[in-house]
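Undergrad: Sharing a structure, written as structure tokens. Questions coming.
The values are calculated or read from the model by the stated rules, or taken from the named source; none is laboratory data. Predicted, not measured: the structure shown is a model, and the values here were computed from it. Here Cβ is always computed from backbone atoms with ideal geometry, including for glycine, and neighbour counts include all displayed protein chains.
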């Protein structure tokens, strides 16, 4: 399949998820059983349901002759033949929001034509609580709901978004950034932080806790195709990172190069390599 | 009108807003003109449009014989006859999100049968990006989308939400709370923070910057009717505060009494008065 055909598969998955999610919303008063996914996060039934949709669509692609490996937060690693393509999935990014009835969570899907993040070729993120769909194919720009997106050109740090698995430790680490911000945001979904950063709503995004590739790979490509920058907190490229289930590195993402240099400077480290 | 009839007016406003908001979403790529509202916030055309809907519905209530004073972020103070009722409105709480294309903003409307927050009788908050409606009539409990809501009974501090007008100064002030949290959230809408706190999604909400009554009055009643607690950061009741456009006090809100005592303790102050 071409990258565009893969994107169509991802969109079909996203739209099925969006159509079906309504029954899971508004359950916040009820008890929701908890499991534990391959990525270490506790997973909720909605994750399982989501992954069933994803696997069913991917099985169809496989029956049509595609070979690839699925790496997903819920199911772990699953081979569909011997191909070198990797489909990296977070069925529900923002499980805590979904569980608690907060309408801010996403499905994130990335295609890599190899096992490194430098092999990213398609990224797709859908905000399941609303209609917002973000996608990018490498070299072809980024889109939100069908319209091209590009980050602002200024280096002003207005809104700093972050995620923190350990707020008491993580927030002090990125405080120099927060201290410069007019506003902060902590939405609870790394995939959406990167997607809304790509569409110009956020100046800088940071997470001091090491993130998993399925959380950020799709958003990473969308952001880069929208002229944004993403490295680890020391400014090192993420290209060498292997797609998988493990925690990798803390992230720093900015709307553009100049802002990224400023952000790295605030964090008192120099860019090693961009 | 009875409180229930007022609630119907507020719901009619909310649903008109929700129905019309679609055209304002997805504008994040365009330039949006800025104004300045009576409450000091810069206001966007969507605020003005929202307030037109609100005023038109309130004029209808006035023609049917109701007398009241409207206090709104955009229009300021406007008398509809000589009644002692006050309708306190934030047309778009979360303007920055709305402006930037982030689907997390609300309309908040409160009815008071006097000029103090102790006179709160109806609270209504609608998340305009999705279908979530929250409301409360004093003494009759709180509701989300028609179902009763009540905060959890445990005193565990899991998710701490906050808003900060000056992150570098405000976050250190409330850091003892953040330090205890498993996760933080900063969504950018005080009305929604309080509403989702009332529905059990948040343990404690704090804002070190003094808030305006139109930002929190509606959510305050919803939270209290859901068994939540709200005071200033020192534990002092908000009942004596006069409804108006000025900044009043920083807020501390918790899912229940025990959690509130714990939160006040963490902030190293003792409850003066609950």
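Undergrad: Could you please give the count of residues in segment A:175-203 that are over 15 Å from residue B:101 (Cβ atoms) and either more than 7 Å from chain B (Cβ to nearest Cβ) or in a loop (DSSP other than H, G, I, E, B) (or both)?
TA: The total comes to 10.
Undergrad: Considering only segment B:211-237, how many residues are out of contact with any strand residue (DSSP E or B) (no Cβ under 8 Å at 6 or more places or on another chain) and assigned to a strand (DSSP E or B)?
TA: 0
Undergrad: Something else: Just one of A:209, A:248 is surrounded by fewer than 23 Cβ atoms within 10 Å (Cβ to Cβ), within 28 Å of residue A:140 (Cα to Cα) and either free of Cβ contacts under 8 Å to residues at least 40 places away in the same chain or not assigned by TED's automatic domain parsing to the domain that holds residue A:125 (or both); which is it?
TA: The unique qualifying residue is A:248.
Undergrad: Return yes when residue B:172 is modelled with pLDDT of 95 or more, under 26 Å from residue A:159 (Cβ atoms), surrounded by fewer than 24 Cβ atoms within 10 Å (Cβ to Cβ) and within 13 Å of chain A (Cβ to nearest Cβ) and no when it is not.
TA: It is true that residue B:172 is modelled with pLDDT of 95 or more, under 26 Å from residue A:159 (Cβ atoms), surrounded by fewer than 24 Cβ atoms within 10 Å (Cβ to Cβ) and within 13 Å of chain A (Cβ to nearest Cβ).
Undergrad: Across segment B:57-82, what is the total count of residues that are assigned to a loop (DSSP other than H, G, I, E, B) and out of contact with any helix residue (DSSP H, G or I) (no Cβ under 9 Å at 6 or more places or on another chain)? Quick ask: steps written out before the conclusion?
TA: First, the residues of segment B:57-82 that are assigned to a loop (DSSP other than H, G, I, E, B): B:64-67, B:73-75, B:81-82.
Going one step further and asking which of them are out of contact with any helix residue (DSSP H, G or I) (no Cβ under 9 Å at 6 or more places or on another chain), we end up with B:64-65, B:67, B:82.
The total comes to 4.
Undergrad: Still on this structure, please answer the following. Just give me the residues in segment A:88-133 being more than 27 Å from residue A:66 (Cα to Cα), in a helix (DSSP H, G or I) and touching a helix residue (DSSP H, G or I) at 6+ places or on another chain (Cβ under 9 Å), in sequence order.
TA: Within segment A:88-133, A:95, A:98, A:99, A:100 qualify.
Undergrad: Oh, and also: Check B:161, B:153, B:206 and return the single one that is more than 20 Å from residue B:120 (Cβ to Cβ), more than 11 Å from every other protein chain (Cβ to nearest Cβ), assigned to a strand (DSSP E or B) and at pLDDT 95 or above.
TA: One residue alone meets the criteria, B:206.
Undergrad: Return the residues of segment B:101-140 that are over 16 Å from the mean Cα position of the chain (by Cα) and crowded, with 24+ Cβ neighbours inside 10 Å; say none if nothing qualifies.
TA: Of everything in segment B:101-140, just one residue is over 16 Å from the mean Cα position of the chain (by Cα) and crowded, with 24+ Cβ neighbours inside 10 Å, namely B:102.
Undergrad: In addition: Which numbered condition trips up residue A:268, out of (1) out of contact with any helix residue (DSSP H, G or I) (no Cβ under 8 Å at 6 or more places or on another chain); (2) more than 13 Å from every other protein chain (Cβ to nearest Cβ); (3) assigned to a loop (DSSP other than H, G, I, E, B)?
TA: For residue A:268, the failing item is (1).
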